[in-house]
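Colleague: Before we start, here is the structure in question, set down as structure tokens.
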Amino acid sequence: MTPTAPRLRVRTVAVPDPGPLVALLPETDALAWVRGGDGMVAWGEVVRHKATSPAEAEEWWTTLVASSDEVSDLDVALPGSGLVAFGSFVFDPDNTSASSGLVVPRTVLGRRGGRAWLTEIGLEAGEQRPAPCAGPVPPAPRGVRFEGGSLTSDQWRAAVSRAVGTIAAGDLDKVVLARDLVATAESRLDPRWLVGRLGETYPRCWTYLVDGLVGSTPEMLVRLEAGLATSRVLAGTIQRTGDDQVDLALAAALSRSSKDLEEHEYAVASVAAALAPFCSALNVPENPYVLELPNVLHLASDVTAAVEPGVTALGLAAALHPSAAVCGTPTGTARDLIAALEHLDRERYAGPVGWTDASGAGEWGIALRCGILDETDPRRIRLFAGCGIVAGSDPEAEWAEAQAKLAPMIGALTTTR
């Protein structure tokens with residue numbers, strides 16, 4: 001923030017239940033973070049910060065918070081109320097043309113636990129703004145075509161084989177390889193449609209829209225609220241069939257799979273090690289559970305920690321990213337191998353995405369099951385999916401897993417009401 005930046009005036013009031021949050025998103029400058037109908041939607045822009053990392057963004061945010069004046073109803077004291085910023089960060093700042101950043105919106109409408117609030121930021125003295133109102137239903141995508149990304153299917157399978165060979169040689173334990181897919185529609189893609197479809201189909205995931213990055217992630221890098229940090233770790237995946245009995249058997253097989261349990265163990269260990277320096281107590285489950293989503297089954301563990309005073313959600317996100325769930329073990333070796341094998345600019349895929357408030361609370365998911373809208377062609381979006389590769393990985397099975405992880409975005413692009 002420059003020395004001449006004005007002090008932000010922030011006003012938060014309790015409001016009646018606004019109904020479906022995503023229905024209130026405007027056509028432009030929209031931001032969203034919703035799960036199970038709750039969360040926040042926002043629009044407009046007061047200030048933006050181009051960040052080099054979550055750690056640097058935290059410094060900027062702390063300065064901005066200190067120079068803001070807040071007025072809030074006494075009965076609105078929920079995480080996310082008051083001054084808030086939405087953000088997204090690149091996976092690897094050394095291997096991307098994209099940038100990270102925080103956006104402070106003009107207006108935020110939120111709901112949590114049956115209580116709703118409206119926050120207006122950057123107010124002029126005596127300013128009154130129109131109340132949020134639902135607009136027309138956004139148009140569904142039409143005539144969507146899909147084309148291959150940076151690697152063909154054969155080339156990507158070969159990359160998996162090379163990764164397995166590198167692991168067998170003892171150079172690393174795990175690496176996550178991603179692939180991309182480009183979708184092009186007949187006319188401009190409306191991200192509000194994608195947010196609505198993803199939120200309806202995957203209500204247990206965190207659906208987000210930040211600067212053209214749109215998706216629905218099942219993985220929480222870190223949530224911080226009232227001194228308690230939670231990280232949901234996912235690693236180990238199998239595609240569902242739609243047959244309940246078959247899927248039950250698949251869940252049992254997944255929970256016994258040595259390959260998937262090994263992959264999951266690396267991911268949990270990396271999160272626990274990153275959280276430990278910030279915590280007075282840490283709880284790591286002994287065994288994962290199976291998280292059931294409409295398209296896949298995941299091995300999941302919820303790591304919790306009591307954090308020391310002064311620790312913020314952005315600070316924890318900086319320490320946790322990149323975890324073994326999206327990079328590998330050891331981190332540096334895995335990141336180098338990713339750059340050598342993927343031939344892909346991940347941009348903000350697999351980076352932190354979410355929000356933080358003035359108290360330091362926040363939720364930072366991992367940008368998975370997502371796409372990035374093309375800045376030059378509003379008809380195009382690039383989709384991403386990745387798989388954890390360990391010694392027992394099979395290229396054909398990993399390709400099938402990647403296809404399953406692309407299903408949420410493909411479904412949102414091709415399903416009409």
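Colleague: What translational diffusion coefficient, to the nearest whole µm²/s, does segment 229-374 have by Stokes-Einstein, given a Kirkwood radius computed over alpha-carbon pairs, a temperature of 37 °C and 0.692 mPa s viscosity? Don't skip to the answer; put the middle values down first.
Modeller: Working: Rh = 16.6 Å.
D = 197 µm²/s.
Colleague: Can you give the convex hull volume of the alpha carbon atoms of segment 178-227 per residue, in Å³? Let's see the in-between values first.
Modeller: Working: hull volume 6.4 nm³, N = 50.
Enclosed volume per residue, from the Cα hull, is 127 Å³.
Colleague: Related question: Tell me, Kirkwood radius of segment 1-156 from alpha-carbon pair distances, in Å?
Modeller: Working: mean 1/r = 0.0562 Å⁻¹.
Roughly 17.8 Å, rounded to one decimal.
Colleague: Which far-off residues, 5 or more places away or on another chain, put their amide H under 5 Å from the one on THR52, with H placed in the peptide plane?
Modeller: ALA57
Colleague: Mind listing P(r) for segment 16-70? All alpha-carbon pairs, 10 Å bins, whole percents.
Modeller: Once binned at 10 Å, the Cα pair distances of segment 16-70 give 19, 35, 37, 10.
Colleague: Also: I'm spelling it out carefully: the read-out is Cα Rg over 2.2 N^0.38 Å, the candidates are [x] 1.61; [y] 1.03; [z] 0.96, and one was derived from this structure. Which label?
Modeller: Label [z] holds the value from this structure.
Colleague: Given a 1.4 Å probe and every protein chain left where it sits, what share in percent of the accessible area of segment 110-173 is carbon and sulfur? Spell out each step's value before the answer.
Modeller: Details: 1820 of 3600 Å².
Heavy-atom surface of segment 110-173 belonging to carbon and sulfur, 1.4 Å probe: 51 percent.
Colleague: I've got another one for you. Put +1 on the Cβ of each Lys and Arg and -1 on the Cβ of each Asp and Glu in the chain; which of SER72, TRP206, ALA14 then has its Cα farthest toward the positive end of the dipole?
Modeller: Of the options given, the answer is ALA14.
Colleague: How big, on average over all directions, is the shadow cast by the Cα convex hull of segment 99-228, in nm²?
Modeller: Details: hull surface 56.0 nm².
Across all orientations, segment 99-228 yields a mean hull projection of 14.0 nm².
Colleague: Could you tell me which GluC sites (Glu not before Pro) in segment 119-228 are loop residues by DSSP with no more than 16 other beta carbons within 10 angstrom of their beta carbon? If you can, show how the numbers build up before the last one.
Modeller: Numbers: sites: GLU120, GLU124, GLU127, GLU147, GLU186, GLU200, GLU219, GLU225; in loops: GLU124, GLU127, GLU186, GLU219.
For GluC sites (Glu not before Pro) across segment 119-228 that sit outside H, G, I, E and B with at most 16 neighbouring Cβ atoms in 10 Å, the list reads GLU124, GLU127, GLU186.
Colleague: Search the structure for amide H atoms under 5 Å from the amide H of SER72, placed 1.01 Å from N in the peptide plane, and list their residues when 5 or more places away or on another chain.
Modeller: THR12
Colleague: Quick one: plug the Kirkwood hydrodynamic radius of segment 249-302 (C-alpha pairs) into Stokes-Einstein at 25 °C, 0.890 mPa s, and report D in µm²/s. Show your work: numbers first, answer last.
Modeller: Numbers: Rh = 12.2 Å.
My calculation gives 200 µm²/s for D.
Colleague: Now a separate question. Going 7 Å from the Cα of GLU127 along its beta-carbon direction, which residues of segment 54-87 have the amide nitrogen within less than 15 Å of the resulting point?
Modeller: 68-71, 83-84
Colleague: Given segment 210-259, what whole percent of its Cα pairs are spread farther than 19 Å?
Modeller: Details: 665 of 1225 pairs.
So the pairs more than 19 Å apart make up 54 percent of the total in segment 210-259.
Colleague: Which cross-chain or sequence-distant (5 or more) residues have an amide H under 5 Å from the amide H of ALA116, H modelled 1.01 Å from N in plane?
Modeller: Here the answer is VAL15, since their amide H atoms fall under 5 Å of that of ALA116.
Colleague: While we're here: Compute the semi-axes of the equivalent ellipsoid of segment 208-299, taking the square root of 5 times each eigenvalue of the Cα gyration tensor, and list them largest first in whole Å. Before the final figure, lay out each step's value.
Modeller: Details: eigenvalues 138, 74, 23 Å².
Equivalent-ellipsoid dimensions as semi-axes: 26, 19, 11 Å.
Colleague: In the neighborhood of VAL303, defined by Cβ-to-Cβ distances under 14 Å, what is the net charge if each Lys or Arg adds +1 and each Asp or Glu adds -1? List each step's numbers first, then the result.
Modeller: Details: positive: ARG223, ARG232; negative: GLU219, GLU265, GLU286, ASP302.
Taking every other residue near VAL303 into account, the sum is -2.
Colleague: Under the definition of Cα pairs under 8 Å and six or more residues apart, what whole-number percent is the relative contact order of the chain? It would help to have the intermediate numbers written out before the result.
Modeller: On the way: 970 pairs, mean separation 95.9, N = 417.
The normalised contact order for the chain reaches 23 percent.
Colleague: Next question. Ordering CYS205, CYS133 by how much accessible area each has at a 1.4 Å probe, largest first, what is the list?
Modeller: Working: CYS205 5, CYS133 100 Å².
Result, largest first: CYS133, CYS205.
Colleague: Which net charge results when you count Lys and Arg as +1 and Asp and Glu as -1 among the other residues whose beta-carbon is under 12 Å from that of PRO16? The partial results should precede the final answer.
Modeller: On the way: positive: ARG111, ARG115; negative: ASP17.
Around PRO16, the charge tally is +1.
Colleague: Right, next: Tell me the relative contact order for segment 154-284 as a rounded percent, counting alpha carbon contacts under 8 Å between residues six or more apart.
Modeller: Details: 90 pairs, mean separation 16.8, N = 131.
Computed over segment 154-284, the figure is 13 percent.
Colleague: List, in order, the whole-Hz ³J(HN,Hα) value for each residue of segment 119-136 obtained from phi through the Karplus relation with A = 6.51, B = -1.76, C = 1.60 and θ = phi - 60°; use x for Gly and Pro.
Modeller: With coefficients 6.51, -1.76 and 1.60, one gets 10, 10, 10, x, 5, 7, 4, x, 5, 10, 10, x, 5, x, 8, 6, x, x Hz.
Colleague: Order ASP190, ASP336 by their accessible area, 1.4 angstrom probe, all chains in place, largest first.
Modeller: Details: ASP190 10, ASP336 110 Å².
The most accessible residue leads, giving ASP336, ASP190.
The values are calculated or read from the model by the stated rules, or taken from the named source; none is laboratory data. Small disclaimer: the values here were computed from a predicted structure and weren't measured. FYI the Cβ positions are ideal-geometry reconstructions off the backbone, even for glycines, and counts take in every protein chain you see. SASA here: full protein model, heavy atoms, side chains in, ligands and nucleic acids out. Shrake-Rupley method; radii C 1.70, N 1.55, O 1.52, S 1.80 Å.
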